[in-house]
1. So I have (i) 13.1, 40; (ii) 21.3, 76; (iii) 12.3, 39, and one of them is Rg and Dmax of the Cα atoms in Å calculated from this model. Which one is it?
2. Give me the 1.4 Å probe accessible area per residue for the chain, excluding ligands and nucleic acids, in Å².
Amino acid sequence: MNELQLLDLAKALASHRGLSLSTISTYAANDGKFFGSLATGSGCTVKRAAALLAWFDQNWDRDLEWPRDIPRPSAKQEDAA
């Protein structure tokens with residue numbers, strides 16, 4: 001998982017829901033500027049990236065396909081079951 005993949009998830013979900021990137025940023029990161037900052041080259045900690053990935057996994061719309069190039073945490077849990 002890297003910052004660009006998090007940004008891709010944010011953009012995909014924002015587009016699907018018809019929301020701005022800053023709105024998704026507020027929902028996912030509790031910071032309306034977070035994904036905008038990632039887009040301009042800022043980074044984040046591994047802990048925050050993991051928390052954001054978990055948020056996307058739990059809040060992803062069922063009618064939106066998860067990007068194939070980004071491993072989904074719940075898919076790993078389903079494979080283990």
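The values are calculated or read from the model by the stated rules, or taken from the named source; none is laboratory data. No experiment lies behind these values; they were computed from the predicted model shown. The area values use the complete protein model at the heavy-atom level, side chains included, leaving out ligands, DNA and RNA. Shrake-Rupley method; radii C 1.70, N 1.55, O 1.52, S 1.80 Å.
1. (iii)
2. 64
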